[in-house]
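The values are calculated or read from the model by the stated rules, or taken from the named source; none is laboratory data. These figures come from a predicted structure and were not determined experimentally. Don't worry about glycine lacking a Cβ; one is built from the backbone with ideal geometry, like all the others, and counts go over all protein chains shown.
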Amino acid sequence: MTTTYKAPNTSAAAGVIAALDSPLRIAIISRLAERDHFVHELVKATGKSQPLISQHLRVLKQAGIVDSERSGREVTYSLIAPRVLDLLADAANLTMGTIGQAVFSAIVILACMTTAVGLITSTSAFFEMLMPKVKYHVWACLFTALSILFAFQGLDTVLSIAVPFITFLYPPATSLIALTLIQPVVKKSVVFYWTYRLALWVSVLWSALSVIAAQGWGADALDPLLSLAPGQSVDLGWIVPTAIAAVIGLVVDIATKAGEKHAAANPQAEEPAEAEALAEA
């Protein structure tokens, strides 16, 4: 008895494979495999912007992997092709094999362990410095217990707490680091004062609005405004407004010499550099 091979619909298969060619879309599928999700729940779980999540959901829907249902102002997405999970598992096995997956798992465990140890030890040392009466090992035991307690709440809970803070902090932190690296290069021409402040204020404001919109609070009003900035769909919309603010601050610093005046009024800020120069002399 012979078995007749039925060729698959190559166009549909190509569409599904193309739709799976994104780590974020795979993460969305993994979430939907657990249960149906509202869009704002996927935004919160992934830490990405709502326009970006909506864009990826449209791709998955066009490929026939997910479907949506509107309930009032909310849209619920569900996984309607659960067999893609088997395809993803087979792809992982084909890519790494059993031994490769075991080695990768060990690498992830060791990486997480070293990060956890580093954070606990550094945090414990910092708090011991703040409160010397409480010994280092007490702080270490306390933070270890708290870490275990948070871990038992599940990854979703940890991410729901951590992601908004991380999303809020990285634009101003990146801006501050970039300007701090640039300042020594141009210090002979201009000392940053308003450059720092305007760039930091704008990046903080943009971060706050992005986080608020990602939580679903006022998203209808905020998303159209935020999406005007280039790169907002990939969470980089803060770069252009921050750069414009930094340039405006730079022009003000050059025109008013605000940085030099501030340094002259606060000579203690220059003492380390002066001491180093005297030592070299």
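Comparison of Glu74, Glu34 shows that the only residue that is modelled with pLDDT of 80 or more, exposed (fewer than 13 other Cβ atoms within 10 Å of the Cβ) and of a type outside the set (Lys, Arg) is Glu34.
Within region 136-154, track down each residue that is closer than 19 Å to Ala45 by Cβ and either loosely packed, with under 10 Cβ neighbours inside 10 Å or touching a residue at least 60 places away in the same chain (Cβ under 8 Å) (or both). Correct list: Phe152 only. Taking the criterion of being surrounded by 15 or more Cβ atoms within 10 Å (Cβ to Cβ) and over 28 Å from Ser49 (Cβ atoms), would at least one residue in region 160-174 satisfy it? Looking through region 160-174, none of the residues is surrounded by 15 or more Cβ atoms within 10 Å (Cβ to Cβ) and over 28 Å from Ser49 (Cβ atoms). Going by the structure shown, is Asp21 within 26 Å of the chain's Cα centre (by Cα), surrounded by fewer than 16 Cβ atoms within 10 Å (Cβ to Cβ) and at pLDDT below 80? Taking the combined requirement at face value, the residue satisfies it. Being more than 19 Å from Thr46 (Cα to Cα) and touching a residue at least 40 places away in the same chain (Cβ under 8 Å) is a description that does not apply to Ile177.
Here's the yes/no breakdown for (1) outside any helix (DSSP H, G or I); (2) closer than 21 Å to Leu222 by Cα; (3) in contact with an Asp or Glu (Cβ under 9 Å, 6 or more places away or on another chain):
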{"residue": "Ala33", "(1), (2), (3)": "no, no, no"}
{"residue": "Ile53", "(1), (2), (3)": "no, yes, no"}
{"residue": "Gly64", "(1), (2), (3)": "yes, no, no"}
{"residue": "Ala91", "(1), (2), (3)": "no, no, no"}
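If you filter region 199-240 down to residues that are crowded, with 21+ Cβ neighbours inside 10 Å, small (Gly, Ala, Ser) and part of a helix (DSSP H, G or I), you find that the one that is farthest from the chain's Cα centre (by Cα) is Ala199. Check region 180-188 and report whether any residue there is on the phi < 0 side of the Ramachandran plot and touching a residue at least 24 places away in the same chain (Cβ under 8 Å). No; the residues of region 180-188 include none that is on the phi < 0 side of the Ramachandran plot and touching a residue at least 24 places away in the same chain (Cβ under 8 Å). Among the residues of region 241-268, just one is outside any loop (DSSP other than H, G, I, E, B) and of a type in the set (Lys, Arg), namely Lys261.
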